[in-house]
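The values are calculated or read from the model by the stated rules, or taken from the named source; none is laboratory data. Just so you know, these numbers come straight off a predicted model, no measurement behind them. FYI the Cβ positions are ideal-geometry reconstructions off the backbone, even for glycines, and counts take in every protein chain you see. Side chains are part of the model used for accessible areas, which takes the heavy atoms of the whole protein and leaves out ligands, DNA and RNA. Shrake-Rupley method; radii C 1.70, N 1.55, O 1.52, S 1.80 Å.
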Amino acid sequence: MTRQQFFPLVFLSLALGMGAYFSWPREPNIYVLGSAVMICLVFQTAILRRTGLAVSILWLVLSALLGALWAQGTTLRQAARLAKVSFAAHGETVMLDGQVVWSEPRSRGSVVDVAMVSAAGKGYQVRVFGAKSIAAQALPGCQIRAQAFVKPIGSPIAKGAYDPRLTQFFNGRKGQGFLRHVEHLDCQGPISWRLHLARLRLHIAARFRNQMEAPQGALAASLITGIRGAIPPPTRQLFRDAGLAHVLAISGLHMALFAGTFFAALRLFAASWPRLAQSYDMRRVSAGLAIAAATAYLAVSGASYATQRAFIMISIFFLAVVLGRAGLTLRNLSWAGIVILALRPSAVMQAGFQMSFAAVMALIVYYEYWQSRASGFRRMDGFTPSGRFWHYLRVSAWGLVSTSAIAGSVTGYIAAYHFGQIASFGLLANVLAMPVFSLLVMPMAAASLVLMPLGFEAVPLAVMAWGLSLIINISQWVTSFSGSVWYLAPTPYWALLSAVLGLVMVSLLRGRARWASLVPLIFALAMLQQAPRPLVAWLEAGNTIAVQMTPQNMTLIRQRGNRYLSELLGDYWRMSDLSSPACGEALCAYELVQSQRLALVNYRHALTRACAEFDIVLAPRLTALYPCQADLWDKPRLQDNPSVEIYDRQKPSVTRPKMNRL
């Protein structure tokens, strides 16, 4: 194995180690982990000049251990900073006194992030939602004193579900709630350059929204500034169902089109001045200026994980142009990943990071293979001018279709794992929408951003609005077909690992050995929707209860209080009916799979019968006064274990949604 092939494995081992740490159910002993790293280093030093399979495996093990150790170090450091900050489990009214670091209008209301200082002198943030007018008044940098109802960040609704606390934890955010009353707001003091940049982003987004009709204005603002809160929920869902959700999240495509527009425009400008083109190597000059444009776009767009990866990759590409070397390689992609994971280890658990790197890896491998096998496609000798045009058109069409198919397949599987749905006609939607987006929308977005300080952005914005309207029409047409969206039940994590293994084998193996990648890829596809379902699961100490009465479906049997959680649980397990029957009897009996019987008890006199005749007894309103031979969950036990899933058939074992030390 060459160094070019081995280095991506180092990056993947590093990512695997970080992912293993964040997925581990308990906090590993940092001294044991550190000792393992030291032992590997000693062995590696002893065989430093040797080569072979054993040495390569040792390097990969060391990379995985270093990744886990680095992730643990950053987590413990953040945990120490936030250790003294807590809010009541069911929420409490508090006085927020701090600085606004972000405010954003939403389609309904607004969101404000307030930075405060704890009693221990450590900084943390609280996110509150308020009226739509709040975002226009409480700009980043303003000092605010307000009364708000705040509670801790919600836990995941199921063992394998998305954990909202992970991202919030590393952002320093400890609570969220609702703004009740603003007592004081002062926006006159000096602010840092970061807050000035935040205000600039909000100003640019507002210009887009004010000069374009809805929802095109909100869509345009999201493509430039990354501010997506104002996009109406139906439009978000439309793009998701059509397989075009990646258009709304700034990633490599946006960065390449934005910086590429500047690069092409500068090359065209230089070509119109023969003396300039003959005196300087304008290709290299244009590449350097394109890096500057990409840097500006990174700053204005909010610098998400996908945008950071795209910026590093596009910078490496244009730097390679300046130096006269190859730009898009798996080695450069691996360097981009290592830099991002070193800065933010938790990124490895985010769907955006996974989809971004997997798609680019697949596309790099595909185009390397295509360039080595399809030299005839690039030949223009012997073609008439019209023949060259049609030949170029065929090559471009094939590139568009193949790129959409490969990127869509890779990201589609990861989206199916994380979000539980697949756009059946996503390939068709991308083939129709991407030419409009690439040749019209993003070039006009770049032009409007340049012309905005001069006040001449009206024309490019009008063209951009027309292009976005066309993409919306394409999405509506595609989603009008029957079966346009395929909703999936949860998929086990090992299926995702199998898919990653298959992608790595495709990327690194050569010749006929690549066919071996079909084994893990087919296994990954077969494991879709195969995550085990619990016998019974509940949230909020039994306010929401779902049971497995048939092998392929969960049923809601109790819903009290927060119906939103019931809807989230229903979406996760793909329940067909969320209208839980009211249990008004003293005891309601349910026959579960695995020959288990469950009793939902409302009155104390029914406990004796439930304990004698049933396997699992839930009594959310009662406190048991005597032992029970069944697995009894009464009010005190439920309050100690508010979110639980029970799987085991003979001896029901408890599996809590993983806390990840958050």
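Some points to look at:
- Of the residues ARG236, ARG275, ARG240, the single one that is over 30 Å from PHE129 (Cα atoms), open to solvent by 60 Å² or more (accessible area, probe 1.4 Å), basic (Lys, Arg) and assigned to a helix (DSSP H, G or I) is ARG275.
- Subset tally (residues that are open to solvent by 10 Å² or more (accessible area, probe 1.4 Å), touching a strand residue (DSSP E or B) at 6+ places or on another chain (Cβ under 7 Å), assigned to a strand (DSSP E or B) and not acidic (Asp, Glu)) for segment 104-117: 3
- Taken over segment 311-356, the criterion of being among the β-branched types (Val, Ile, Thr), in a helix (DSSP H, G or I) and open to solvent by 20 Å² or more (accessible area, probe 1.4 Å) is satisfied by ILE312, ILE314, ILE316, VAL322, ILE338, VAL339.
- Spans of helices (runs of 4 or more DSSP H) in segment 379-483 with at least 1 residues of a type in the set (D, E, K, R), at pLDDT below 90 and surrounded by 12 or more Cβ atoms within 10 Å (Cβ to Cβ): 385-419
- Residues in segment 180-194 that are under 22 Å from ALA131 (Cα atoms) and surrounded by 11 or more Cβ atoms within 10 Å (Cβ to Cβ): ARG180, VAL182, GLU183, LEU185, ASP186, CYS187.
- Filter result (among the small types (Gly, Ala, Ser) and modelled with pLDDT of 85 or more) within segment 275-327: SER286, ALA287, GLY288, ALA290, ALA292, ALA293, ALA294, ALA296, ALA299, SER301, GLY302, SER315
- Members of segment 572-589 found to be open to solvent by 30 Å² or more (accessible area, probe 1.4 Å) and in contact (Cβ under 8 Å) with a residue 40 or more places away in the chain, listed by number: TYR572, ARG574
- Consider segment 118-133 and keep the residues that are among the aliphatic types (A, V, I, L, M) and modelled with pLDDT under 90. The one that is least open to solvent (accessible area, probe 1.4 Å) is ALA120.
- Pairs meeting the criteria (first residue in segment 11-40 and under 24 Å from GLY337 (Cβ atoms) and open to solvent by less than 80 Å² (accessible area, probe 1.4 Å), second residue in a loop (DSSP other than H, G, I, E, B) and not polar (S, T, N, Q), beta carbons under 8 Å, at least 6 apart or on different chains) are TYR21/PRO28; SER23/LYS658.
Rundown of residues vs (1) buried (at least 19 other Cβ atoms within 10 Å of the Cβ); (2) in contact with a Cys (Cβ under 8 Å, 6 or more places away or on another chain); (3) under 20 Å from SER566 (Cβ atoms), yes/no style:
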{"position": "GLN147", "(1), (2), (3)": "no, no, no"}
{"position": "VAL150", "(1), (2), (3)": "yes, no, no"}
{"position": "LYS159", "(1), (2), (3)": "yes, no, yes"}
{"position": "TYR162", "(1), (2), (3)": "no, no, yes"}
{"position": "ASN171", "(1), (2), (3)": "no, no, no"}
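- Qualifying residues in segment 523-537 (those that are open to solvent by 30 Å² or more (accessible area, probe 1.4 Å) and over 29 Å from GLN5 (Cα atoms)) - the one nearest to the chain's Cα centre (by Cα): GLN529
- Residue in segment 279-295 that is farthest from ALA220 (Cα to Cα), counting only those that are surrounded by 15 or more Cβ atoms within 10 Å (Cβ to Cβ) and among the aliphatic types (A, V, I, L, M): MET282
- Of all the residues in segment 44-74, those that are in contact with a helix residue (DSSP H, G or I) (Cβ under 8 Å, 6 or more places away or on another chain) and either open to solvent by 60 Å² or more (accessible area, probe 1.4 Å) or in contact (Cβ under 8 Å) with a residue 60 or more places away in the chain (or both) number 7.
- Test: residue in segment 557-565 that is surrounded by fewer than 19 Cβ atoms within 10 Å (Cβ to Cβ) and without any contact (Cβ under 8 Å) to a residue 12 or more places away in the chain: yes
- Candidate set from segment 128-173 (those that are among the hydroxyl-bearing types (Ser, Thr, Tyr) and assigned to a loop (DSSP other than H, G, I, E, B)); member that is nearest to PRO490 (Cα to Cα): TYR162
- Residue match in segment 184-196 (condition: assigned to a helix (DSSP H, G or I) and over 25 Å from the mean Cα position of the chain (by Cα)): yes
- Qualifying positions in segment 604-639 - of a type in the set (A, V, I, L, M, F, W, C), assigned to a helix (DSSP H, G or I) and surrounded by 13 or more Cβ atoms within 10 Å (Cβ to Cβ): ALA606, LEU607, ALA610, CYS611, LEU638
- Only one of ALA524, ALA499 that is in a helix (DSSP H, G or I), over 30 Å from GLY561 (Cβ atoms) and touching a Leu at 6+ places or on another chain (Cβ under 7 Å): ALA499
- Here segment 484-522 is the region considered, the condition is being without any contact (Cβ under 8 Å) to a residue 40 or more places away in the chain and either among the hydroxyl-bearing types (Ser, Thr, Tyr) or in contact with a His (Cβ under 6 Å, 6 or more places away or on another chain) (or both), and the residue that is surrounded by the fewest Cβ atoms within 10 Å (Cβ to Cβ) is SER517.
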